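Novice: Just dropping this structure here.
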Amino acid sequence: MRKKLALLGSTGSIGTQALEVVDRHPDLYEPYVLTANHRADLLISQARKYKPQSVVIVDEAKYQQVREALRDTDVQVFAGKEALSQVAQNSEVDVVLVALVGFAGLEPTLSAIEAGKTIALANKETLVVAGELVTRLARERRVAILPVDSEHSAIFQSLVGERMDEIEEIVLTSSGGPFRMFSKEELEQVSVEQAMRHPRWEMGAKITIDSATMMNKGFEVIEAKWLFGVGQERIRVVVHPESVVHSAVVFRDGAVKAQLGVPDMRIPIQYALSYPQRLSSDFPRLDWYRMQPLTFEKPDTERFPCLSLAYEALRRGGTAPCVMNAANEVANLAFREGIRSEATKPFPGGRVWDGDRQTRGTKCPFTRIAGIIEKTMDTVPLRLSPTLKDYIECDREARLVAEELTRRQGDGH
Ligand code: NAD
Ligand code: MG
């Protein structure tokens with residue numbers, strides 16, 4: 001029996017790489033549901049190739065186009081964001097890969113857990129926003145949340161056969177992003193094109209900018225806390241520019257286990273789909289004799305304050321990480337949109353943005369992103385023990401505050 005997969009966000013960086021994994025194991029996996037936000041053309045070609053039971057195009061304006069193009073097939077076509085939560089509950093589906101970007105991942109993930117689906121989670125924002133709620137529900141429903149994020153997959157792999165109460169510390173590695181060596185003054189001048197040139201990973205636009213600010217690593221600290229039940233005081237971030245050690249665990253006897261490899265997201269994606277088994281692969285192997293020396297350094301939170309903001313959000317608890325995430329979504333987009341309105345050339349590699357097309361017309365310099373997040377966190381009232389409704393309201397409120405801050409030039413930082 002093939003595992004039936006719902007690939008939420010199948011047109012993105014993770015989604016397309018998940019399909020590359022499926023292509024190598026057609027006897028094991030069946031793409032049963034595919035979804036896209038705006039990229040109708042790619043969704044249509046994926047649907048024609050994989051013949052899923054259904055597809056969702058979130059952008060309702062594209063519904064007719066997708067329906068027309070698939071008229072001669074048996075593929076069911078749905079539109080709108082509520083459809084994501086419905087397909088995540090499809091009774092035939094075994095595994096839901098959540099590869100959407102941002103807060104949009106939360107409700108479909110909760111729906112999939114409700115329905116008892118195994119979750120392969122790429123969308124870290126879901127755990128950043130509502131880690132407590134999501135992991136509690138998963139425990140109640142006895143649902144496994146398998147990490148796709150490379151660092152968390154590395155930690156997860158290092159923990160196979162281990163006892164959680166014997167963990168001393170989790171070591172999250174970070175490439176340091178494209179601006180690791182930039183001074184504070186240089187950071188003030190950076191362009192979107194520079195920020196989009198990640199030294200190690202080719203990813204979607206939003207996470208690439210989050211990697212440049214190191215907000216991504218802050219998110220990963222929160223993600224690790226909820227996935228592995230380890231307090232933030234025992235999660236250490238180490239900058240490791242070569243990105244060969246994907247992360248590590250220190251045990252109480254001082255032993256360290258790490259997972260290493262070539263930076264290639266298809267490995268953690270495949271592991272999440274095949275767990276507890278390992279499948280063979282033709283992905284590139286580490287070249288031991290030509291590898292650069294592996295180096296490690298302490299992160300600089302002076303130049304990359306977003307990392308400290310994540311620890312602070314965890315310390316405050318409740319809705320603080322939700323507010324931080326919403327403000328980051330706004331500031332991250334404002335940074336990308338601001339510069340794009342000046343330079344219309346596409347990003348290196350001809351990548352198209354899909355997740356977020358709204359133009360806000362604001363320009364947010366790179367170094368203001370952290371200030372906007374911090375100020376939003378200080379403005380939106382904290383709610384403890386939040387419900388889903390609280391998170392939704394809090395997300396909306398924080399976006400309004402952050403949007404106002406991005407409009408006010410010179411403020412915030
Ligand atoms: P991406 O922008 O390349 O793709 C996102 C996908 O989700 C697309 O299919 C898009 O159509 C869909 N989507 C985006 N916004 C949506 C919305 N509001 N509603 C419905 N659908 C929406 O992003 P990505 O790089 O593949 O990242 C996906 C998730 O995985 C993110 O949470 C990211 O942090 C995480 N992640 C990505 C990588 C990577 O290498 N790309 C690594 C680790 C974690
Ligand atoms: Mg990661």
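Only the coordinates and a few stated rules stand behind these numbers; no lab work does. Quick caveat: nothing in here was measured; it's all calculated off a predicted structure. With ideal geometry, Cβ positions are generated from the backbone for all residues, glycine too; neighbour counts draw on all protein chains shown.
Novice: How many percent of all Cα-Cα pairs in the chain sit more than 39 Å apart?
Specialist: In whole percent, the long-distance tail amounts to 14.
Novice: Please arrange 233, 107 by counting, for each residue, the other beta carbons lying within 10 Å of its beta carbon, fewest first.
Specialist: Ordered by Cβ neighbours within 10 Å, fewest first: 233, 107.
Novice: What is the order of 27, 59, fewest Cβ neighbours within 10 Å to most? Write out the running numbers ahead of the final one.
Specialist: On the way: 27 6, 59 18.
Least crowded to most crowded, the residues run 27, 59.
Novice: As an exercise, identify the GluC sites (Glu not before Pro) in the stretch 104-209 lying in DSSP coil whose Cβ has no more than 14 other Cβ atoms within 10 Å.
Specialist: 162, 188
Novice: When a footprinting reagent is the concern and you count Cβ atoms within 10 Å, what order do 227, 42, 127 take, fewest first?
Specialist: Ordered from fewest to most neighbouring Cβ atoms within 10 Å, 227, 42, 127 come out as 42, 227, 127.
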